[in-house]
Amino acid sequence: IDFTHARFCAAYGTPDQIPEAKRPEVSVVGRSNVGKSSLINRLVGRKALAKVSSKPGKTATVNFYDVDGIYLVDLPGYGFAKVSAAEKRRWADLIGGYFDQERSFNLVVSLVDIRHEPQKLDHEMVGFLKEGGFPFVVVLTKADKLSRAQQQRQRALIARELDIDPETVLVTSAEKGQGIDELKDAISAACV
Ligand code: GTP
Ligand code: MG
C-alpha cells in the first residue's frame, strides 16, 4: 500500500448515508481526543488531511479516506462528556450503525492513550470487537509522552487489563513517528 496516495472521500452524519463498499476497509476507533485523526495524518504523511483539535469531539462524522484503493475510516470518538445527551446518542448510533453494516472490516484499529488505564468505554469497545469477531489491533497513542521504560510498563498493564496478548499491542506516536511502520505493516497484511 502506498500510504502517501491518500485523499478525503466523504463524511457521513448518519449510518444510513454510508454507501456500501466493496473495497478493503480499515476503521479507526477510540475515545475522543485519543489521537485518531493525528494517527491517520501520520500514516499518510500529511499534516492536515484529517482535522485535528486539542479539544475533544472534533470528528463528529464518519470520514472516509481513500488510501491507495483502501478505505481508511475515521470515526467520531466515544466517551466525550461535554456534549448533549442527544449528540452522544447520535454518535453512539453512528458508530453502532456503522459496525452493524455489511462491510469488509479488514481491520479495526482500536486506540488507547498509553498514559491511562483503559476506561470503561475502551473495555466495552474491545469487548464488542472480540465478541463480534472483528479483526482488530490495539494501538497505544501518544507514546512520546512517556519514557521507553514507562511505555513498556503501560503496554503490559493495558494488555493485561484488556485481556489481550501484549505482543500484539502496538506502541505509537503520531508526533514522533514511533510504531508507524509496524502499524502500516499490520494494515497491509490485513488488506491482501
Ligand atoms: P476526536 O476527533 O475529538 O475524537 O479526537 P481524535 O481522537 O481524532 O484526536 P486528535 O487526532 O484530534 O488529537 C487530539 C489531541 O491530541 C491533539 O491536540 C493532538 O495534537 C494530540 N495528539 C495526537 N496524537 C499525539 C501524539 O502522538 N503525541 C502527542 N504528544 N500528542 C498527540
Ligand atoms: Mg478526530
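The values are calculated or read from the model by the stated rules, or taken from the named source; none is laboratory data. If you're wondering where the values come from, they're calculated on a predicted model, not measured in any experiment. All Cβ positions, even for glycine, are placed from backbone atoms using ideal geometry, and neighbour counts span all protein chains on display.
A few comments on the model shown:
- When the range 1-60 is filtered for residues that are of a type in the set (Asp, Glu) and closer than 15 Å to VAL109 by Cα, only GLU25 remains.
- Of everything listed in (1) in contact with a Ser or Thr (Cβ under 9 Å, 6 or more places away or on another chain); (2) away from ligand 2 (no atom under 11 Å from the Cβ), the single unmet condition for LYS47 is (1).
- Filter result for ILE40 (away from ligand 1 (no atom under 14 Å from the Cβ) and among the hydrophobic types (A, V, I, L, M, F, W, C)): no
- Unmet criterion (only one of (1) within 23 Å of CYS191 (Cα to Cα); (2) in contact (Cβ under 8 Å) with a residue 40 or more places away in the chain) for PHE80: (1)
- Residue ID - surrounded by the fewest Cβ atoms within 10 Å (Cβ to Cβ), chosen from residues in the range 152-192 that are within 16 Å of ligand 2 (Cβ to nearest atom) and of a type outside the set (Gly, Ala, Ser): GLU175
- Residues of the range 163-192 satisfying the condition of being assigned to a helix (DSSP H, G or I), of a type in the set (A, V, I, L, M, F, W, C) and either in contact (Cβ under 8 Å) with a residue 60 or more places away in the chain or at positive phi (or both): ILE180, LEU183, ALA186, ILE187, ALA190
- Subset tally (residues that are among the aromatic types (Phe, Trp, Tyr) and not in a strand (DSSP E or B)) for the range 132-162: 1
- Conditions (1) without any contact (Cβ under 8 Å) to a residue 40 or more places away in the chain; (2) away from ligand 2 (no atom under 12 Å from the Cβ): number failed by VAL108: (1)
- The single residue among GLY69, GLY79 that is more than 10 Å from ligand 2 (Cβ to nearest atom), at pLDDT 95 or above and either surrounded by fewer than 22 Cβ atoms within 10 Å (Cβ to Cβ) or not aromatic (Phe, Trp, Tyr) (or both) turns out to be GLY69.
- Members of the range 112-123 that are aliphatic (A, V, I, L, M) and either surrounded by fewer than 24 Cβ atoms within 10 Å (Cβ to Cβ) or modelled with pLDDT under 95 (or both): LEU121
- The set of residues in the range 134-162 that are of a type in the set (A, V, I, L, M, F, W, C), touching a residue at least 12 places away in the same chain (Cβ under 8 Å) and farther than 21 Å from LEU39 by Cα comprises LEU157, LEU162.
- Considering the conditions (1) in contact (Cβ under 8 Å) with a residue 40 or more places away in the chain; (2) over 17 Å from GLU124 (Cβ atoms); (3) more than 10 Å from ligand 2 (Cβ to nearest atom); (4) not polar (S, T, N, Q), ARG31 is excluded by exactly one of them, (2).
- Selection of the range 39-66 for residues being touching a residue at least 60 places away in the same chain (Cβ under 8 Å), surrounded by fewer than 23 Cβ atoms within 10 Å (Cβ to Cβ) and in contact with a strand residue (DSSP E or B) (Cβ under 8 Å, 6 or more places away or on another chain) yields only ASP66.
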